[in-house]
Amino acid sequence: MSFAEFYPFYLTQHADRRCRRTHFIGSTGALLAIAAALVTGNAWWVLAALVFGYGGAWIGHFFYEHNRPATFAQPWLSFRADWVMYWQMLTGKLSF
């Protein structure tokens, strides 16, 4: 499956704004944790980045969308799609 085919499906799995918001918050936390790891040299921040990123996504899916995260079936496409969705929310192309 190509990314162009996958992304529309990915968006259907994030129809609830609250799910998209938890993704956005988790992804932002992950970016900040990675920055902290680079600045401090403390590798524990990398673990924190994973907790933020996946934690935000899983909260959104289990509590708001009531579906299974696409990352379980398509991990690489989902990773890419999450950052495309993040950018689209950040730039106002997708409602936040």
*How many residues does segment 36-68 contain that are of a type in the set (Gly, Ala, Ser), farther than 25 Å from Cys19 by Cβ and touching a Phe, Trp or Tyr at 6+ places or on another chain (Cβ under 9 Å)?*
2
*Which condition breaks for Met1 when tested against (1) surrounded by fewer than 18 Cβ atoms within 10 Å (Cβ to Cβ); (2) of a type in the set (A, V, I, L, M, F, W, C); (3) at pLDDT 95 or above?*
(3)
*Taking the stated definitions as given, is Asp82 crowded, with 16+ Cβ neighbours inside 10 Å, under 10 Å from the mean Cα position of the chain (by Cα) and in contact (Cβ under 8 Å) with a residue 40 or more places away in the chain?*
yes
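Yes or no, residue by residue, for (1) among the hydrophobic types (A, V, I, L, M, F, W, C); (2) closer than 14 Å to Phe79 by Cα:
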residue	(1), (2)
Ser27	no, yes
Ala35	yes, no
Ala57	yes, yes
Gly60	no, no
*Total residues in segment 1-59, condition among the hydroxyl-bearing types (Ser, Thr, Tyr) and over 12 Å from the mean Cα position of the chain (by Cα)*: 4
*Please note which helices (runs of 4 or more DSSP H) are completely contained in segment 16-91 and include at least 3 residues that are over 25 Å from Ala4 (Cα atoms).*
17-40, 44-59
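Every residue, every condition in (1) of a type outside the set (A, V, I, L, M, F, W, C); (2) touching a residue at least 40 places away in the same chain (Cβ under 8 Å), yes or no:
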position: Gly56; (1), (2): yes, no
position: His61; (1), (2): yes, yes
position: Ala73; (1), (2): no, no
position: Leu77; (1), (2): no, yes
position: Phe96; (1), (2): no, yes
_Can you tell me which residue is farthest from the chain's Cα centre (by Cα) among those in segment 60-79 that are at pLDDT below 95 and aliphatic (A, V, I, L, M)?_
Ala73
*Restrict the check to segment 19-34 and report whether at least one residue is within 20 Å of Arg80 (Cα to Cα), buried (at least 19 other Cβ atoms within 10 Å of the Cβ) and of a type in the set (Val, Ile, Thr).*
yes
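The values are calculated or read from the model by the stated rules, or taken from the named source; none is laboratory data. Note that this is a predicted model, so its numbers are computed, not measured. As a convention, Cβ positions derive from the backbone with ideal geometry for all residues, glycine included, and neighbour counts pool all protein chains shown.
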